[in-house]
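Comments concern the structure below.
Where a number appears in this text, it was derived from the coordinates with a stated rule and is not lab data. These numbers come from a predicted model, not from an experiment. When we count neighbours, we look across all protein chains shown, and the Cβ atoms used for this are built from the backbone with ideal geometry, even at glycine.
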Amino acid sequence: MAARRRSAVDEGSAALNDQLDRHLARLRPVVDRAELALAERVAAVLRRLVAETDLASAADRARVRAAVRFFVVRRGGLRVVNQLVRELGREDLVVPE
């Protein structure tokens, strides 16, 4: 049972990271260098949260999934991501504007 749960979590994490990769690939040709750099920093924080919440509560994993989705669907998302990292007690991951 634990192995099956772990496999599902790994697949979910891979899917979230794939979404982030595709989003950055779409941004590269259409945004300026500063906006792309900010998006890459936000994506790096989200990737770290995805990895670190693999074994977290379902609620925390859902919040990270939601933040990834918000970032991918809407351009930006810095405020949402920073709010999430603060709520998770990870002030060290706040992305400066």
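Say a paramagnetic label sat at a point 7 Å from the Cα of ASP21, along Cα to Cβ; which residues of region 65-94 have their backbone N under 13 Å from it?
none
Tell me the Rg and the Dmax, in Å, that the Cα atoms of region 12-88 produce.
Calculated on Cα positions, Rg and Dmax stand at 11.9, 37 Å.
So what is the calculated 222 nm ellipticity per residue for the chain, using -39500 (n - 2.57) for each DSSP H run with n of 4 or more, over all residues, to the nearest 500 deg cm²/dmol?
-25000 deg cm²/dmol, from helical runs alone.
From the square roots a ≥ b ≥ c of the eigenvalues of the alpha-carbon gyration tensor of region 51-97, which class results: rounded (a/c under 1.5), prolate (a/b over b/c), or oblate?
Numbers: a/c = 2.37, a/b = 1.22, b/c = 1.94.
Since a/c reaches 1.5 but b/c is at least a/b, the shape of region 51-97 is classed as oblate.
Once you charge only the Cβ atoms, +1 for Lys and Arg and -1 for Asp and Glu, what is the size of the charge dipole of the chain about its Cα centre, to the nearest 20 debye?
Numbers: 19 positive and 14 negative charges, 60 e Å.
Rounded to the nearest 20 debye, it is 280 debye.
Between 0 and 90 degrees, rounded to the nearest ten: what's the tilt of helix 2-27 against the longest Cα principal axis of the chain?
That works out to roughly 10 degrees.
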